[in-house]
1. Using the Cα centre of the chain as the reference point, and only Cβ charges (+1 on K/R, -1 on D/E), how large is the resulting charge dipole? Debye, rounded to the nearest 20.
2. In what sequence, highest mean first, do 149-158, 250-259 appear when ranked by Cβ atoms within 10 angstrom?
3. Mind ordering 60-73, 100-113 by average Cβ neighbours within 10 Å, highest first?
4. Can you tell me the orientation of helix 143-153 relative to the chain, as the angle in degrees between its alpha-carbon axis and the longest Cα principal axis, to the nearest 10?
5. Taking 8 Å as the Cα distance limit and 6 or more residues as the minimum spacing, I'd like the relative contact order of the chain as a percentage.
6. Arranged from highest to lowest average of other beta-carbon atoms within 10 Å per residue, in what order do the peptides 7-19, 192-204 appear?
7. Helix 91-103 against the longest principal axis of the chain: what's the angle in degrees, Cα atoms only, rounded to the nearest 10?
8. What angle do you read, to the nearest 10 degrees and between 0 and 90, between the alpha-carbon axis of helix 224-233 and the longest principal axis of the chain?
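Coordinate-derived values only; no laboratory data. Source: prediction; values computed, not measured. Positions of Cβ are backbone-derived with ideal geometry, glycine not excepted, and every protein chain shown enters the neighbour counts.
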Amino acid sequence: MEDSKRFDPTVQKMMRTNQSNWDARTPVHTASQFYGLSEARDSARWFAFYEWEDLGDLAGRDVLHLQCHLGTETIEFARRGARTVGLDISGASVEAARKIAAEAEVTVDYVQANVYDAVEALDGRTFDVIYTGKGALCYLPDLDRWAELIARLLRPGGRLYVVEFHPMLCALGPTPAEDEGSRLLLRHDYLEGRGPVQRNSTHTYTDGPAVQGATESFEWMHGLGEVINALLGAGLQVASLRESDELPWPRWPRMIRTGSGWWRLPDEDPRVPLLYALLARSPTAVGGGTVDA
């Protein structure tokens, strides 16, 4: 049985609803200026400098990008010499990602599957590096199951790298009438515990027209403690955690561009984390015990 079918029927339905919504988002996203697919494809712009410091040399490595959507980040791993696989729940997204990679003349193997079915969908393949994030974890109803499949997909000594929007970012929201003088307030939950949040996703985070058809989606809140404890519970070793006040796009109009080309809140605002980068490792077996990779 596929692991996604082990969930409660209500949760299974929510995940299918999300799949339909991402199928419907895909044509809006491929035509958007946000992704800039009609321009020169600069996949490196989606990465912070510290990501490459943490990931190291990827040449000759097997890299898996979970919940890859259009593959705008995925192709950068291939450009850096990795044997690269991208997996996403949306068939429309995978089809678009294959076209984008072909036009960029980059070899990426894309697989369409629910992330919880990744072990079966990838036919037992294992990887040196698994990358995920930037809006991915909120679509996962159970992080313990997610961490367990990560542990199964990683080779001994392999690395998981999660670069995700900080729970603080998700908890903040502008005053109702957002304008140049508006301020951000704590408007949403930071921690999990209230169950899924139902969203009206008629308009997504990109520019462009309204989504046609499936406009409903569901998200689950995950605090940093939940993420770390899930990984530790699956036997992974947390190696580092970074918190950053910059984002690869301006989440709110008041944000300013930095020298890196990314965006942060103005100097007069409190400095708060908007993104985090977590590196974890699979233990390396040595004589019946383990050592750090």
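1. 200 debye
2. Ranked by mean Cβ neighbours within 10 Å, highest first: 149-158, 250-259.
3. For the peptides 60-73, 100-113, the packing ranking is 60-73, 100-113.
4. Approximately 40 degrees, to the nearest ten.
5. It comes to 19 percent, rounded to a whole number.
6. The densest-packed peptide leads the list: 7-19, 192-204.
7. Result, in degrees: 80.
8. 10 degrees
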